[in-house]
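The values are calculated or read from the model by the stated rules, or taken from the named source; none is laboratory data. Values in this document were obtained by computation on a predicted structure and should not be read as measured data. Note that each Cβ is placed from the backbone with ideal geometry, even for glycine, and that neighbours are counted across all protein chains shown. Accessible surface areas use protein heavy atoms only, side chains included; no ligands, DNA or RNA. Shrake-Rupley method; radii C 1.70, N 1.55, O 1.52, S 1.80 Å.
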Amino acid sequence: MTKNIMIVGVGGQGTLLTSRIIGKVALDAGHDVKISEVHGMAQRGGSVVTFVRYGDKVCEPVVEEGQADVIIAFERLEAQRYAHFLKKDGALIVNDCRIDPMTVVIGAKEYPENIIENLKKNHKVYTIDGQKIAIELGNSKVLNSVVLGFAASSIGFSKEEWLKVVEATVPPKTIEINKKAFVCGFEAK
Amino acid sequence: MSKKTIMLGNEAIARGAYEAGVKLSSAYPGTPSTEISEYLAKYDEIYTEWAPNEKVAAEVAIGASISGVRSLACMKHVGLNVASDPLYTFSYIGVNGGSVFVVADDPGMASSQNEQDTRMIGRASHVPVLEPSDSQEAKDFMVYAYELSEKYDTPVILRTTTKLAHSQSAVELCERKEVSDKEYSRQVSKYVMMPASAIGRHLVVEQREKDMAKDAYNFPINKMEINDTKIGFITCGIAYQYVKEVCPNASVLKLGLVNPLSKELIESFINQVETVYVFEELEPVIEEQVRAWGFDVKGKELFTRQGEYSANLLRRVLFGKDEACFDKLDAPARPPILCPGCPHRSTFSVLNKLKIHASGDIGCYTLGAVAPLGVVDTTICMGASISALHGMEKARGKDYIKNWVAVIGDSTFLHTGINSLINMVYNKSTATVMILDNRTTGMTGHQEHAATGKTLKGEETYAIDLAELCRAIGVPSVITVNAFDVKELEKTIKESVASDTLTVIISKAPCVLIKGQKFPNYCKAEPEKCKKCGMCLRIGCPAITKNEDGTIKIDATMCNGCGLCRNYCKFNAIETVER
């Protein structure tokens with residue numbers, strides 16, 4: 001059975017690194033893995049989505065509508081944009097933050113109210129304030145590790161399997177704080 | 001001994017070139033092909049460079065091939081348009097050392113200005129085209145492409161698409177096969193394409209294509225899987241994966257060689273299967289040939305010519321529904337935008353204030369077309385900003401362009417903008433051309449170019465001085481301004497568009513995403529001084545948003561402290577502070 005993970009967010013939030021870590025964990029556990037990434041123009045502050053699929057044999061590299069087991073959303077509006085990709089019982093992990101798109105900043109569109117409450121009507125939604133935890137840890141840049149840790153328990157694999165890959169992936173100087181951030185997220189759920 | 005690892009499609013292509021014994025690669029960056037060269041640069045055995053444009057890159061690869069080594073040129077689909085002049089004749093010349101052009105198409109246009117299908121150019125130039133469907137094949141097909149190239153005396157195109165280039169999957173690695181350099185011998189009838197030689201070579205090309213089409217029946221890169229014979233697919237590239245996802249039991253003819261096609265193979269498949277669909281992204285390249293041979297297949301009447309395909313698209317056509325179980329929710333669009341601290345924003349804010357139209361070009365600054373800056377009026381192709389503005393002036397007279405400038409990036413200027421500027425000098429233009437010099441090739445992910453002083457391999461080299469280059473070709477007025485000095489920019493632009501002198505304004509400041517820069521300051525809003533006038537919001541910086549009471553706030557983590565917003569605040573409600 002193939003497991004389908006989506007990572008959605010705003011260009012620059014580090015969705016690419018997150019998907020690579022998930023892919024590596026699945027690969028190390030012996031799965032066939034495909035990861036689909038976004039490069040180029042779309043990365044510049046736009047809505048970005050990356051995909052990780054793993055299982056015995058994976059064909060297509062993307063996750064489509066109705067197939068996501070887990071969506072990790074780094075921002076509320078992006079959670080709303082991609083929620084329809086979830087399976088019936090899929091999990092929606094949301095980093096509870098708001099980044100206004102330019103259409104909202106200039107007043108052309110409204111940022112939707114009560115996103116989390118509305119998403120909860122149809123989906124299993126788990127929220128975390130990753131930014132707050134990262135700042136408490138002393139480095140706002142470890143937000144990704146907090147959110148990944150929080151999502152990890154919905155995806156599977158052991159804490160040790162995750163930490164091994166986090167250690168091998170993040171910049172050497174930031175290994176300790178990223179591992180700490182991951183554990184904080186992991187234990188928050 | 002082999003080793004399995006997970007690789008990006010583009011990394012696998014580089015690995016394939018390495019294993020095939022390639023010794024030289026030349027390229028110009030272009031999404032989704034850029035990373036191939038960046039991965040190639042890591043191999044000491046391969047000379048790898050950034051060329052100023054794809055035509056140059058292609059010719060460098062051709063020269064290397066003639067001299068007897070295996071060579072490579074990489075580009076995106078629109079880059080092949082620039083390189084198509086050498087390609088068409090390279091097809092006649094053939095190779096000495098094997099030679100491959102990797103060309104990356106972008107169905108869905110994630111980062112492109114059009115959606116063209118490189119297989120069509122393969123057909124038109126009589127160059128064989130190979131198309132892999134995952135990273136493993138990307139690597140293996142590269143090695144095979146060099147074998148075909150030398151066996152059939154032809155350049156070969158390896159075509160990829162965005163989904164292949166930018167997805168990762170498992171790859172089994174092999175050792176590099178060192179290939180000895182071929183002897184060069186002078187052969188005017190092969191290497192000098194004047195009419196007398198070309199007439200002879202055209203016959204060779206035609207025969208070569210026929211031979212290859214015949215032999216392709218046995219090529220291992222074409223794969224026939226006969227399963228359920230009620231339904232079958234002829235497919236190629238990433239589309240194959242969608243077929244396998246939706247119809248794992250269907251019969252499939254997966255073509256690794258998409259030009260020329262093996263009629264014998266296709267006929268054999270069609271004869272064994274009841275209903276045959278041709279499932280190919282973009283143009284009906286396979287379908288039209290199959291139909292021309294008189295076979296009855298289903299294709300583009302069911303499947304669009306536009307965008308990327310998907311498994312759900314195939315499900316909708318075959319079964320009338322896909323796998324979605326929830327409706328799509330409405331969400332305000334979040335298009336890409338210029339980064340906080342981007343020097344282009346500063347330049348565009350001045351053009352916006354002066355109500356000047358910009359003849360635009362290809363790069364991040366294309367984003368100057370959208371609200372709230374909205375200054376870029378046209379985007380066509382690399383270098384066209386300058387030539388199109390010249391066309392306007394010559395068509396409508398010099399007064400017509402008094403509220404126009406051309407805007408072009410430093411890398412794009414060196415790509416093909418320089419030719420257009422030479423035309424302006426030669427044909428007595430009075431226009432204003434702005435080179436938005438951010439010291440890098442920004443959009444594609446920060447590659448070096450001929451004016452940065454560094455090569456692709458990271459070595460120091462001569463950095464072309466853009467101002468001196470413009471002066472040397474005869475531009476009478478060349479002015480360099482700090483992109484963040486909005487007062488000076490405003491004055492310079494006003495004077496320049498009003499004058500009848502051809503002027504190049506180099507608006508200069510480094511891209512904020514170039515590695516190694518420090519941003520010690522950030523801008524802080526003081527809500528008590530804010531009069532809610534909205535002037536700072538008109539520069540479209542994503543770090544600036546509104547508080548609930550309508551005053552502004554600036555996200556300190558996003559802000560790079562460029563201070564542009566402070567320049568536009570009349571009430572001193574924004575200050576620059578140290579982190």
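Oblate is the label for the protein assembly as shown, because the ratio a/c of its alpha-carbon gyration tensor axes (a ≥ b ≥ c) is 1.5 or higher and a/b is not greater than b/c.
For segment A:1-103, what class follows from the C-alpha gyration tensor (a ≥ b ≥ c being the square roots of its eigenvalues): rounded when a/c is under 1.5, otherwise prolate if a/b is larger than b/c, else oblate? Prolate.
Each Cα pair under 8 Å and six or more residues apart adds its sequence gap; the mean of these over the residue count of segment B:387-450 is a relative contact order of 39 percent. Given B:Lys223/B:Lys298; B:Lys139/B:Lys328; A:Lys180/B:Lys515; B:Lys4/B:Lys177; B:Lys457/B:Lys518; A:Lys24/B:Lys23, which pairs have Cα atoms separated by over 28 Å? Among B:Lys223/B:Lys298; B:Lys139/B:Lys328; A:Lys180/B:Lys515; B:Lys4/B:Lys177; B:Lys457/B:Lys518; A:Lys24/B:Lys23, the Cα-Cα distance tops 28 Å for B:Lys139/B:Lys328; A:Lys24/B:Lys23. Full extension of the chain between B:Lys454 and B:Gln272 yields a length gain of 59.8 nm, computed as 0.36 nm times the residue separation minus the alpha carbon distance.
List the accessible area buried at the contact between B and A, summed over both sides and calculated with a 1.4 Å probe, in Å² to the nearest 100. Show your work: numbers first, answer last.
On the way: alone 25430 and 9570 Å², together 30570 Å².
For chain B against chain A, roughly 4400 Å² becomes buried.
To the nearest whole number, what is the average tally of beta carbon atoms from other chains within 10 Å of the beta carbons of peptide B:5-12? Mind showing how you got there, number by number?
Values: counts 1, 9, 0, 4, 3, 1, 0, 0.
If you average over the peptide's residues, the count of other-chain Cβ atoms is 2.
For segment B:436-573, the solvent-accessible area with a 1.4 angstrom probe is 50 square angstrom per residue. The Cα center of segment B:382-401 and the Cα center of segment B:170-244 differ in position by 44 Å. Only Cα sites of segment A:44-189 enter the Debye sum here, all with the same form factor; the resulting log10 I(q)/I(0) across q = 0.12, 0.14, 0.19 1/Å is -0.54, -0.74, -1.24, listed in q order. Reducing segment B:519-572 and segment B:30-73 to their Cα centroids gives an inter-centroid distance of 45 Å. Taking amide hydrogens as placed 1.01 Å from N in the peptide plane, the amide H of A:Ile99 sits under 5 Å from those of A:Arg76, A:Leu77, each at least 5 positions away in sequence or on another chain. Applying a DSSP loop filter and a limit of 14 other Cβ atoms within 10 Å to the chymotrypsin sites (Phe, Trp or Tyr not before Pro) in segment B:106-205 leaves B:Tyr184.
Output the direction-averaged projected area (hull surface divided by four) of the convex hull of the alpha-carbon atoms of chain B, in nm².
Values: hull surface 124.3 nm².
Result: a mean projected hull area of 31.1 nm².
Give the shape of segment B:521-578 as rounded, prolate or oblate, defined through the alpha-carbon gyration tensor: a ≥ b ≥ c are the square roots of its eigenvalues, a/c under 1.5 means rounded, and otherwise the shape is prolate if a/b is larger than b/c and oblate if not. Rounded shape, in that the Cα axes give a/c under 1.5.
In order along segment B:451-461, phi translates into HN-Hα couplings of 10, 9, x, 10, 8, 4, 7, x, 7, 5, 8 Hz, rounded to whole numbers, per the Karplus curve 6.51 cos²θ - 1.76 cosθ + 1.60 with θ = phi - 60° and x for Gly and Pro.
Please check: in the Gaussian network model of chain A (C-alpha springs, under 10 Å), which one of A:Ala79, A:Ala29, A:Ala68 has the largest mean-square fluctuation. Taking springs between Cα atoms under 10 Å, the residue moving most is A:Ala29. Most simply put, the protein assembly as shown has about 35% antiparallel DSSP beta bridges, counting only bridges with both residues inside it.
Quote the FRET efficiency, to the nearest 0.05, computed for B:Ala371 versus B:Val317 with a Förster distance R0 of 56 Å and r equal to the Cβ-Cβ distance. Before the final figure, lay out the partial values.
On the way: r = 37 Å, r/R0 = 0.66.
Plugging the Cβ-Cβ distance into 1/(1 + (r/R0)^6) gives 0.90.
Shielding of peptide A:31-39 by partners, expressed as the average count of other chain Cβ atoms within 10 Å per residue Cβ, is 6.
Ignoring ligands, DNA and RNA, what percent of the accessible area of the protein assembly as shown is carbon or sulfur (1.4 Å)? Walk me through the intermediate numbers first.
Details: 15560 of 30570 Å².
Whole-percent figure for carbon plus sulfur exposure: 51.
Need the C-alpha centroid separation for segment B:108-123 versus segment B:283-343, integer Å. Here the answer is 15 Å between Cα centres. Under 5 Å from the amide H of B:Ile231 lie the amide H atoms of B:Ser251, B:Glu274, B:Thr275, each residue being 5 or more positions distant or on a separate chain, with H modelled from the backbone and absent for Pro and chain starts.
Grab the beta carbon distance between B:Tyr217 and B:Arg396, set R0 = 60 Å, and tell me the FRET efficiency rounded to 0.05. Before the final figure, lay out the partial values.
On the way: r = 59 Å, r/R0 = 0.98.
After rounding, the FRET efficiency stands at 0.55.
For B:Glu490 and B:Val425, the FRET efficiency from 1/(1 + (r/R0)^6), where r spans their Cβ atoms and R0 equals 22 Å, is about 0.25.
For the residues of B:161-173, the average number of beta carbons from a partner chain within 10 Å of their own beta carbon is 5.
Phi angles of segment B:378-388 translate, via the Karplus equation with coefficients 6.51, -1.76, 1.60 and θ = phi - 60°, into HN-Hα couplings of 9, 9, 10, 7, 4, x, 6, 4, 6, 5, 5 Hz per residue; Gly and Pro are given as x.
Proximity of backbone amide H atoms, modeled 1.01 Å from N, is registered between A:Val33 and B:Ala170 at under 5 Å, excluding neighbours fewer than 5 places apart on the same chain.
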